[in-house]
1. Contour minus end-to-end for residue 118 and residue 16, with contour as 0.36 nm per residue of separation and end-to-end as the Cα-Cα distance?
2. Evaluate 2.2 N^0.38 Å with N set to the residue count of the chain, then give the Cα radius of gyration divided by it.
3. Listed highest first by mean packing, meaning other Cβ atoms within 10 Å per residue, what order do 201-213, 310-322 come in?
4. Would you mind calculating the relative contact order of the chain from Cα pairs under 8 angstrom and at least 6 residues apart, reporting the percent as a whole number?
5. Give the shape of segment 4-140 as rounded, prolate or oblate, defined through the alpha-carbon gyration tensor: a ≥ b ≥ c are the square roots of its eigenvalues, a/c under 1.5 means rounded, and otherwise the shape is prolate if a/b is larger than b/c and oblate if not.
6. DSSP beta bridges in the chain, what fraction antiparallel, as a percent rounded to 5?
7. Enter the Cα centre distance for the pair segment 318-347 and segment 269-290, rounded to the nearest angstrom.
8. Sorted by average packing, counted as other Cβ atoms within 10 angstrom per residue and highest first, what order do 11-21, 350-360 take?
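Quick note: the coordinates plus some simple rules give every number you see, no bench work behind them. Just so it is clear, the structure is predicted and the values come from calculations on it, not from any experiment. Neighbour counts are summed over all protein chains in view; Cβ atoms, including those assigned to glycine, are modelled from backbone coordinates with ideal geometry.
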């Protein structure tokens, strides 16, 4: 019916991530049938707790058809008739992304993506689900996922559960000195190959992430002062809206992207032209999961790579705002840049060098 690993993951999601209680409503969403075992485990454990599961199982190809043929009126109707009223009744949400083909939506037109984001994704998920439920989202392992990670299928499965079932309580404690330091920081600088960029985070809120929302987890995020960002930055491979990028380079002046280069410039230009906020930044984060070392074209993993940072194009988060509003939120990852806080080197490449932060290095956590 389901594996022992899926039962362990289900229990961690329910007990640690969303802290589900008796009598609460929880939406369990599965996109792609590959993760059906985990949904079965979750459903059983939800009922064992005396809570109420609401199951949504979606086919990625049908979702693509809806994206391609949807418009403002279609997504407004989906939101107002079904999705938003239901989400407002949820205390918790777990979303499992189990599609086999990460490029399924690569040919969806720009206007269709805009309509979906503006009329459905933002009101249902970013505004209601993110702000008013205990939620967690994750991918599910598959042979296709293993291919993107350049691993044998079984080795990838082992890696997946190791990364997801990591001791997040230990990571929570190790993050505290960095969080305290960042709350007192004004200027952050990233310097490395193809990267020399600086920005202010003075007075900004910092959010430690240790298995409560994204699985696998391991990041500490905030947002930069919106007009303080200057310099250039080079990012690792990424996939956004089903479109692959082997690299992305951005030139930034006073918080606005002024020039760019990538392996797919026509797609990048289209994304940057989504709206005014798409050329600005809404998040900055440290990746801190000691199990995840290389990009695998999946942002839920890639943004947690140890020794990485992501400086995110698009919308901010209400919990750590900087005033940027956009229909996109693209977590682009920069790996291995030296990090300076108010002129002091705290991370050399991928290793923290400041004594109180060395507990975040992989050899201290694993």
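1. Working: separation 102, 0.36 × 102 = 36.72 nm, distance 3.14 nm.
Length difference between fully extended and current span is 33.6 nm.
2. Numbers: Rg = 19.8 Å, N = 366, 2.2 N^0.38 = 20.7 Å.
Ratio of Rg to 2.2 N^0.38 Å for the chain: 0.96.
3. Working: 201-213: 18.2, 310-322: 21.2.
Put in order of decreasing packing, that is 310-322, 201-213.
4. Working: 825 pairs, mean separation 50.8, N = 366.
Contact order relative to length: 14 percent.
5. Details: a/c = 2.49, a/b = 1.49, b/c = 1.67.
Because a/c hits 1.5 or more and a/b fails to exceed b/c, segment 4-140 counts as oblate.
6. On the way: 51 of 73 bridges.
Antiparallel: roughly 70 percent of the beta bridges in the chain.
7. The two parts, judged by their Cα centres, are 9 Å apart.
8. Working: 11-21: 18.5, 350-360: 16.6.
The densest-packed peptide leads the list: 11-21, 350-360.
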